[in-house]
Amino acid sequence: MDYTNLINNTTGKTSKVGIIGATRGYGYTLLAQIPKVKHMDLRVICSRHPEECLEVLKEIGYDEDQIIFCEGKPEIEQAPKEAILIVSDYRLVMECGITALVECTGNTAVSSDAALAALRAGVNVYMVSKETDSVCGPLLNQVAAEHGAVYALVNGDQPRNLLDLYSWAMLLGLEVVAAGKSSEYDFVWDRETGEFTCTDGSGVVEKIPQMQDCWYYNGVETLDQRRSILEKYTGVISADLCEMNLVSNITGLVPSSPFLSYPVAKTSELANIFIPEEDGGILKKTGVVDVFYNLRGKDEASFCGGEFIIVKCENEKMWEILKSKGHVMSKNDKYACIYYPYHYMGLETPISILLGDLMGIGTHPECRQVSVLAGVAERDLPKGTQLMVQGHHHAIDGLIPELLERTSGQDLAPFYLLNGTTLLRDVKKGDPITLEDVDLAGLETYKLYAQGLDIK
């Protein structure tokens, strides 16, 4: 897309941005980028630690004289229109004259409540909290459409970037066999020293000379070899499955398998891997979402947790021309891999906000609960076990996430509604957590999920 019309916008409109969960990670990268973006102003940030907000804003370079703490609506009403406000109650954000609410908390109760309040007031919502969209996405998209507001996932996170790539393919009439992303961190192997590292920041370095035996791809047997060698570094990551859940619900693509495939693969191999089994790949069905671990040499560029689609090559001569340009294609020339090797977090997010605020782009009223993110007991879990979301990958100790087609997961408890719940009965290893295993009846977010299931 050419963004010139946005850059040269002459409507006089300006995005007035409010951010909930503003100071760390994703929120920080967005705060750092907003001052550089035309037609966009930061109006308010919200955090349970308002003093931290001030320090972050000062560190980035915002004018301290323009920053005002507000404890309630009276202070907000008295504040100058050009001031940057800091509040600790997320419900006050909608009182600050914003046009755009960016939700970054990852807390399904807070973010769903804030999003609904904003949309019903005609304020556009840009959802970073993928946990909330996995539970309430269908309903929030519908509410946005009903109130003439925009609800959007954001560029800078993998689901929106992948949706943009997928919609590009749809516009061009390409048949998408699979769509997915690499997991967050790379597997890096040095052919000269045999040293293996994972870019997760753990600092672990291990000599694995046997990687030489499966460095070059020779079919699915190569994937089995790599998996065997690197098994302790692999696993099913809740954040990955959650992100593919979001893409599934908008595109209609279904999970390739409950735990997704996670092959250890190089970018150059993807068109040979994410294709049907009868063509030498790993897919038992097509039209799926999936994830891989990126394997690369020490001197090779990262995939950066980026996104890819696999498309069918329907015109032999056209794809022969494209192959000569260096595009990634399967050995049988029937499939091609098209990819974005990036997701730049909040640095990219202003694009989504401006597309929504200035052009009304973002809402997906066709969003439905196509797939359901659930959890399987990793070990025997006794009655009374408390389930808590924690850690960088937003995992729940004792559970392995699984992503199922809705038709297979009707009685399962949504993964991110299990946070803070207690098991009402024993759950055996390998069994999924069902709606009867926990009490979600009084949870407002569960009611929103149930309403979303009723959307046809």
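Once the 1.4 Å probe is applied to the protein heavy atoms, the chain comes out at 44 Å² accessible per residue. If a spin label sat at a point 7 angstrom from the Cα of Glu192 along the line to its beta carbon, the backbone N atoms of segment 269-306 nearer than 13 Å would be those of 298-300. Here's the picture: a label point sits 7 Å out from the Cα of Asp2 along the beta-carbon direction, and within segment 347-373 the residues with their amide nitrogen under 19 Å of it are 355, 359. Roughly what % antiparallel, to the nearest 5, for the DSSP beta bridges in segment 160-343? If I count the DSSP bridges inside segment 160-343, around 60 percent turn out antiparallel. The phi-based Karplus calculation (6.51 cos²θ - 1.76 cosθ + 1.60; θ = phi - 60°) puts the 3J(HN,Hα) values of segment 105-110 at 6, x, 9, 4, 5, 5 Hz, whole numbers, x for Gly and Pro. The H on the amide N of Phe259, modeled in the peptide plane, is under 5 Å from the matching H of Leu403, each at least 5 residues off or on a different chain. Computed from backbone phi with θ = phi - 60° and the Karplus coefficients 6.51, -1.76 and 1.60, the 3J(HN,Hα) list for segment 301-306 is 5, 7, 7, 6, x, x Hz; x is used for glycine and proline. Near Arg191, the amide H atoms lying under 5 Å from its own belong to Lys298; only residues 5 or more places off or on other chains count, and H is placed 1.01 Å from N. If the segment from Glu82 to Met318 were pulled out straight at 0.36 nm per residue, it would be longer than the present Cα-Cα gap by 79.5 nm. Heavy-atom accessible area with a 1.4 Å probe sorts Met1, Met388, largest first, into Met1, Met388.
Listed cross-link partners Lys285/Lys331; Lys207/Lys331; Lys232/Lys429; Lys81/Lys447; Lys284/Lys325 are compared with a 28 Å cut-off, the Cα-Cα value being larger for Lys207/Lys331; Lys81/Lys447; Lys284/Lys325.
Given a 1.4 Å probe and heavy atoms of the protein chains only, how would you sort Ile351, Ile309, largest accessible area at the top? Display every interim value, and only then the final one.
Values: Ile351 55, Ile309 0 Å².
Result of the area sort, largest leading: Ile351, Ile309.
In deg cm²/dmol, rounded to 500, what helix-only [θ] at 222 nm does the chain give when every DSSP H run of at least 4 residues adds -39500 (n - 2.57) and the total is split over its residues? Mind dumping the intermediate values first?
On the way: 13 runs with 133 residues, N = 456.
Here the helix-only value at 222 nm equals -8500 deg cm²/dmol.
Spacing of the modelled spin labels on Met388 and Thr422, each 7 Å from Cα toward Cβ, amounts to 1.4 nm.
For the chain, the Cβ-based charge dipole about the Cα centre amounts to some 660 debye (Lys, Arg positive; Asp, Glu negative; other atoms uncharged).
Is the shape of segment 371-453 rounded, prolate or oblate, going by the alpha carbon gyration tensor and its root eigenvalues a ≥ b ≥ c, with a/c under 1.5 for rounded and a/b larger than b/c for prolate? It comes out rounded by the Cα gyration axes. Extension gain, Glu366 to Asp164: 0.36 nm times the residue separation minus the Cα-Cα distance gives 71.2 nm. Calculated FRET efficiency, Gln212 to Lys38, Cβ-Cβ distance, R0 = 60 Å: about 0.70 to the nearest 0.05. Computed from the C-beta positions of Val204 and Thr11, the FRET efficiency with R₀ = 51 Å rounds to 0.45. Antiparallel beta bridges, as assigned by DSSP with both residues in the chain, represent about 50 percent of the total such bridges. Between segment 170-211 and segment 94-164, what is the separation of their alpha carbon centroids in Å? Between the Cα centres of segment 170-211 and segment 94-164 lies a distance of 31 Å. Converting phi to 3J(HN,Hα) with the Karplus coefficients 6.51, -1.76 and 1.60 and the offset θ = phi - 60°, segment 265-276 yields 8, 8, 4, 5, 9, 4, 6, 9, 9, 8, 9, x Hz in sequence order, with x at every glycine or proline. Within the accessible area of segment 371-453, the carbon and sulfur atoms contribute 49%, probe 1.4 Å, all protein chains present.
What whole number of Å gives the distance from the Cα centroid of segment 362-398 to the Cα centroid of segment 55-83? What the calculation gives is 37 Å, centre to centre. Near Leu153, the amide H atoms lying under 5 Å from its own belong to Met127; only residues 5 or more places off or on other chains count, and H is placed 1.01 Å from N.
The values are calculated or read from the model by the stated rules, or taken from the named source; none is laboratory data. What you are looking at is a predicted structure, and each value in this text was computed from that prediction instead of being measured. Every residue, glycine as well, gets a Cβ built from its backbone with ideal geometry; the counts of neighbours run over all protein chains shown. Accessible surface areas use protein heavy atoms only, side chains included; no ligands, DNA or RNA. Shrake-Rupley method; radii C 1.70, N 1.55, O 1.52, S 1.80 Å.
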